[in-house]
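Note sheet for the following structure.
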Amino acid sequence: MQLKSKLPGIGTTIFTVMSQLANQYQAINLSQGFPDYECSPELVELVNRYMKAGYNQYAPMAGVPALRERISEKQEKLHGAKYDPQTEITITAGGTQAIFASVACVIRPGDEVIIFEPAYDSYAPSVILFGGIVKSVELSAPLYITDWLEVEKLINEKTRMIILNTPNNPTGKTLTESDMSELIRITRNKDILIISDEVYEHLVYDGRQHLSISRFSELREKSFITASFGKLFHTTGWKVGYCLAPEWLMSEFRKVHQYEVFSVNSAVQFAIADFMKNERNYLEVSDFFQVKKDFFHNLMKETRFDLLPCYGSYFQSVQYSRISNEKDTDLAMRIIKEFGVAGIPVSAFYSKGTDHKVLRFCFAKKQETLEKAVNKLAKV
């Protein structure tokens, strides 16, 4: 039997590849974005309590009402945006599923979708699966500035969607008021939808403020906003996220969501809803990661890598032009094998494999893990 692949150019994700290599060579894994420390014991206890209390069957398709209410309250408090928890918020099996369902419910064959590269690797395959056409805009390295005039030139009658990510993985860049003004300008009076991937919304540093799409009414009315509790509460393995959208979009989103996963595990939803009653549990996350970012940054200054700006996320990108002319994929693999540290070659985030001699390291690790890793990287 001959099978024609729907994703012929897609292989195993770079995150899986590098983590497997890290395991094979017993390297310190700073590649995949997950912590090596425990989440809150209080949160674990809440999950345990709800499981023992019998909350082990299907949750409502859209999510536990209490959790949707907490999300609605948080969004209004932080961004002044009102989302109806009944009709405009859905709990998802992680941020990536929220992105996939957002694409699936609106993209048809021939629709064009603009993405910004370097880009999280789920965007393009999701578009391609539904017959969409990806139009990539490369951010200007090494500061990763958006050329909105270039974006505007790509817009035509086939343009159906723009996918954004702020704070950005892998660059750590955050969108500014100027960026939002340009986005409003170029999409005004056009049938263009937006997905705003905001999974790192609470991981913003150095006095900067996360500018959610929901702050801007002209954008909010045509946008899906996706987020993740895995990033927020150090529980990436629980795969719980959510999507915000106006009712006319959310009704279509739920049609897809119900056949993808139907609902997300009940006990964890109830536990997160309780955990969010204490606002400090999410408001203090940026301070927690600011310490880790600064710690890793100061350690890395003693290496030959050149650190690029990191305004958000829990990734630090570095250039290595002073060290080697190797391809970033080659150097990343050599560092694993010879020095025992795993990072991600940033060319993997480009459809054309654009290589600016940049690697990405995750600093969501224990201090002793970061110290051991940098001691090894200092030898590169």
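The values are calculated or read from the model by the stated rules, or taken from the named source; none is laboratory data. All values reported here derive from a predicted model rather than from experimental measurement. Cβ sites come from the backbone with ideal geometry, for glycine too, and all protein chains shown count toward neighbours.
The set of residues in the stretch 341-380 being more than 29 Å from Val285 (Cβ to Cβ) and either in the same structural domain as Tyr123 (by TED's automatic domain parsing) or out of contact with any strand residue (DSSP E or B) (no Cβ under 6 Å at 6 or more places or on another chain) (or both) consists of Ser347, Lys352, Gly353, Thr354, Asp355, His356, Ala378, Lys379, Val380. Would you confirm whether or not the stretch 366-375 contains a residue that is among the polar types (S, T, N, Q) and either assigned to a loop (DSSP other than H, G, I, E, B) or within 26 Å of Ile99 (Cα to Cα) (or both)? Looking through the stretch 366-375, none of the residues is among the polar types (S, T, N, Q) and either assigned to a loop (DSSP other than H, G, I, E, B) or within 26 Å of Ile99 (Cα to Cα) (or both).
Can you name the residue in the stretch 269-286 that is charged (D, E, K, R) and assigned to a helix (DSSP H, G or I) and is also surrounded by the fewest Cβ atoms within 10 Å (Cβ to Cβ) among such residues? My answer is Arg280. The residue of the stretch 147-185 that is surrounded by the most Cβ atoms within 10 Å (Cβ to Cβ), among those that are within 20 Å of Asp111 (Cα to Cα) and of a type in the set (Lys, Arg), is Arg160. Across the stretch 153-160, not a single residue is classified as in contact with a strand residue (DSSP E or B) (Cβ under 6 Å, 6 or more places away or on another chain), in contact (Cβ under 8 Å) with a residue 12 or more places away in the chain, assigned to a strand (DSSP E or B) and closer than 28 Å to Gln316 by Cα.
Let's see how each residue does on (1) exposed (fewer than 15 other Cβ atoms within 10 Å of the Cβ); (2) among the aromatic types (Phe, Trp, Tyr); (3) more than 28 Å from Ser214 (Cα to Cα):
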| residue | (1), (2), (3) |
| --- | --- |
| Pro41 | yes, no, yes |
| Asn48 | yes, no, yes |
| Met51 | no, no, yes |
| Tyr55 | no, yes, yes |
| Tyr58 | yes, yes, yes |
| Val64 | no, no, no |
| Ser72 | no, no, no |
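Can you confirm whether Gly63 is out of contact with any His (no Cβ under 9 Å at 6 or more places or on another chain) and free of Cβ contacts under 8 Å to residues at least 60 places away in the same chain?
Working: out of contact with any His (no Cβ under 9 Å at 6 or more places or on another chain): yes; free of Cβ contacts under 8 Å to residues at least 60 places away in the same chain: no.
When the stated conditions are applied, Gly63 does not pass them.
Helices (runs of 4 or more DSSP H) fully within the stretch 30-123 that include at least 1 residues being charged (D, E, K, R) and within 20 Å of the chain's Cα centre (by Cα): 65-79.
Given the options Pro65, Pro85, name the one that is more than 18 Å from Phe233 (Cα to Cα) and touching an Asp or Glu at 6+ places or on another chain (Cβ under 8 Å).
Pro85
The one condition from (1) surrounded by fewer than 16 Cβ atoms within 10 Å (Cβ to Cβ); (2) at positive phi that Thr12 does not meet is (2). A count restricted to the stretch 126-143 and to residues that are of a type in the set (Ser, Thr, Tyr) and free of Cβ contacts under 8 Å to residues at least 60 places away in the same chain stands at 2.
State all residues of the stretch 288-308 that are over 24 Å from Lys366 (Cβ atoms) and surrounded by fewer than 16 Cβ atoms within 10 Å (Cβ to Cβ); if no residue qualifies, say none. Correct list: Arg304 only. Only one residue in Ser286, Ser317, Ser324, Ser313 is closer than 22 Å to Asn165 by Cβ and touching a helix residue (DSSP H, G or I) at 6+ places or on another chain (Cβ under 8 Å), so which one is that? Within the list Ser286, Ser317, Ser324, Ser313, the selection yields Ser317.
Listed by first and then second residue, the pairs linking a residue in the stretch 85-108 that is farther than 17 Å from Ser263 by Cβ to a residue that is of a type outside the set (A, V, I, L, M) and part of a strand (DSSP E or B), with Cβ atoms under 7 Å apart and 6 or more places separating them unless they lie on different chains, are Ile99/Asp197; Ile99/Thr226; Ser102/Phe224; Ser102/Thr226; Ser102/Cys243; Val106/Arg160; Ile107/Arg160.
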